[in-house]
């Protein structure tokens with residue numbers, strides 16, 4: 001190295017040393033985990049629904065968007081409420097960073113940034129590891145045969161960014177730097193938010209792309225561009241995804257048989273519903289129901 005320059009060794013205040021498991025669970029409304037403790041950190045994020053979590057025998061009700069941390073050797077359990085089928089992200093990892101003490105006995109309400117980071121962590125974990133993310137019995141991560149370069153590293157970097165984001169949010173010594181969005185971006189986000197609300201309100205009906213154009217007062221070209229730039233998906237692709245997520249929730253909660261669910265969600269036939277469900281999830285509705293029952297067992 002040129003002696004005229006002095007390198008700065010980077011200080012890593014929050015470092016993840018290793019991963020143990022990365023899970024994305026879709027549980028039934030009656031799921032109950034009797035509990036465990038281990039010598040590494042674990043965080044739980046409620047993506048959908050509601051659960052009751054205990055940490056050293058103290059119960060907490062967590063709803064969509066809530067995050068809880070379990071410190072090493074803390075006994076913890078999780079139970080669905082018997083009404084709403086929850087979707088959970090659970091990540092366990094090791095860290096010797098002293099700054100991790102900040103997360104002891106902590107719960108957080110996620111913001112848009114944290115929700116996006118969780119989604120990216122799950123996507124990178126699918127690339128990096130062959131272990132099923134939805135199997136509660138998984139106790140180690142098996143590497144994928146041909147993962148994209150640095151996919152494991154990306155999982156860790158995203159997790160570290162999540163930890164830093166949560167720490168900085170309530171750091172009183174140094175005010176967080178807020179980056180203002182452009183007026184255009186705020187406008188697009190608001191528009192897409194209204195459209196998503198419209199699609200969610202009509203998940204049990206039948207909405208066409210023309211209906212969405214009329215609702216949003218946008219041309220077809222403009223709507224496609226804005227919606228995809230914000231969500232990464234097409235409008236009708238997003239609508240179909242909402243229907244499948246609703247179907248999965250109804251199957252887990254016992255909201256009717258397959259024919260009834262297909263009818264309630266506006267499908268023209270149970271056969272079309274089953275074909276699309278399998279295309280979206282890799283399983284038929286019957287196979288999905290059996291997989292949920294097997295996880296409970």
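The values are calculated or read from the model by the stated rules, or taken from the named source; none is laboratory data. Quick caveat: nothing in here was measured; it's all calculated off a predicted structure. As a convention, Cβ positions derive from the backbone with ideal geometry for all residues, glycine included, and neighbour counts pool all protein chains shown.
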Self-check item: 1 or more residues in the same structural domain as residue 120 (by TED's automatic domain parsing), crowded, with 16+ Cβ neighbours inside 10 Å and touching a helix residue (DSSP H, G or I) at 6+ places or on another chain (Cβ under 8 Å): qualifying strands (runs of 3 or more DSSP E) within the stretch 34-104
Solution: 41-48, 66-70, 87-94
Self-check item: Qualifying helices (runs of 4 or more DSSP H) (wholly inside the stretch 183-269; at least 2 residues being outside the structural domain of residue 85 (by TED's automatic domain parsing) and under 27 Å from residue 84 (Cα atoms))
Solution: 183-201, 235-253, 258-264
Quiz item: Is there any pair with a first residue in the stretch 107-134 that is within 22 Å of residue 150 (Cα to Cα) and a second that is in a strand (DSSP E or B) and at pLDDT 90 or above whose Cβ atoms are under 6 Å apart and which are 6 or more apart or on different chains, and what are they?
Solution: 118/45; 118/89; 122/24; 125/22; 133/23; 133/24
